[in-house]
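Presented below is the structure to which this report refers.
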Amino acid sequence: MKKKDGQRDLVVNRRARHEFELLDRFEAGLALVGSEVKSIRAGQANLGEAFVRLGKDGAWLVQCHVSPYAEANRQNHDPVRQRRLLLKQPELLKLRRGLLQKGMTIVPLRLYLKGHLVKLELALGRGRKLHDKRDALKKRQADKDLRRR
């Protein structure tokens with residue numbers, strides 16, 4: 001999927017919009033090795049089980065599975081290693097403050113290309129309960145019906 005400002009989605013976490021009410025969005029760079037970049041460019045990554053952990057040493061993307069690159073042989077990467085997120089201090093502070101609120105979490109939404117760099121879009125979100133999910137589906141369907149007319 002092409003975006004208007006040269007961005008191209010590589011991997012999308014579709015369930016995130018269903019499972020969470022998304023509030024603030026952030027763009028983060030990723031510290032990757034070469035074989036990871038090639039695998040992500042080929043769409044061989046999965047954000048389904050991934051989450052973001054904040055530590056004293058910054059933010060980390062945890063349990064994001066990036067398949068080994070076939071042509072990398074010995075220099076291949078560990079598929080589920082933790083990857084450092086490159087965020088500025090004010091963004092890290094906003095994320096830390098957001099996590100202090102009850103029920104808030106950081107959700108990875110999508111991996112995309114911006115120029116030649118791989119970026120991660122993440123958001124502060126609050127988990128939805130089952131009835132909230134049903135209401136959101138009904139509202140989305142009603143909006144879709146209105147657009148058809």
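Here, each number is a calculation from the coordinates, and none is a lab measurement. The structure presented is a predicted model; accordingly, all values stated were derived computationally and were not measured. Cβ: placed from backbone, ideal geometry, glycine included. Neighbour counts: every protein chain shown.
Rounded to the nearest 10 degrees, the inclination of helix 130-148 to the longest alpha-carbon principal axis of the chain is 80 degrees. Output the pairs from 88/114; 119/144; 88/119; 38/114; 88/133; 119/139 with a Cα-Cα distance over 24 Å in this structure; if there are none, say none. 119/144; 88/133; 119/139, as the Cα separations exceed 24 Å there. Projecting the Cα atoms of 64, 146, 52 onto the dipole axis of the chain, where Lys and Arg carry +1 and Asp and Glu carry -1 at the beta carbon, places 146 farthest toward the positive end. In summary, the aspartates and glutamates within cross-link reach of residue 56, defined as a Cα separation below 19 angstrom excluding same-chain residues under 8 places away, comprise 91.
Modelled spin labels at residue 9 and residue 101, positioned 7 Å past Cα toward Cβ, are 2.5 nm from each other. Can you tally the net charge around residue 61? Count Lys and Arg as +1, Asp and Glu as -1, for every other residue whose Cβ sits under 10 Å from the Cβ of residue 61. Net charge around residue 61: +4.
Seen against the Cα atoms of the chain and their longest principal axis, helix 89-100 is set at about 50 degrees.
In whole Å, what is the distance between the alpha-carbon centres of the range 100-122 and the range 1-60? Computed from Cα coordinates, the inter-centre distance equals 5 Å. Taken about its Cα centre, the chain carries a charge dipole of roughly 640 debye when the Cβ of each Lys and Arg holds +1 and the Cβ of each Asp and Glu holds -1. Working value for the chain: equivalent-ellipsoid semi-axes of 28, 21, 14 Å, each the square root of 5 times a Cα gyration tensor eigenvalue, largest first.
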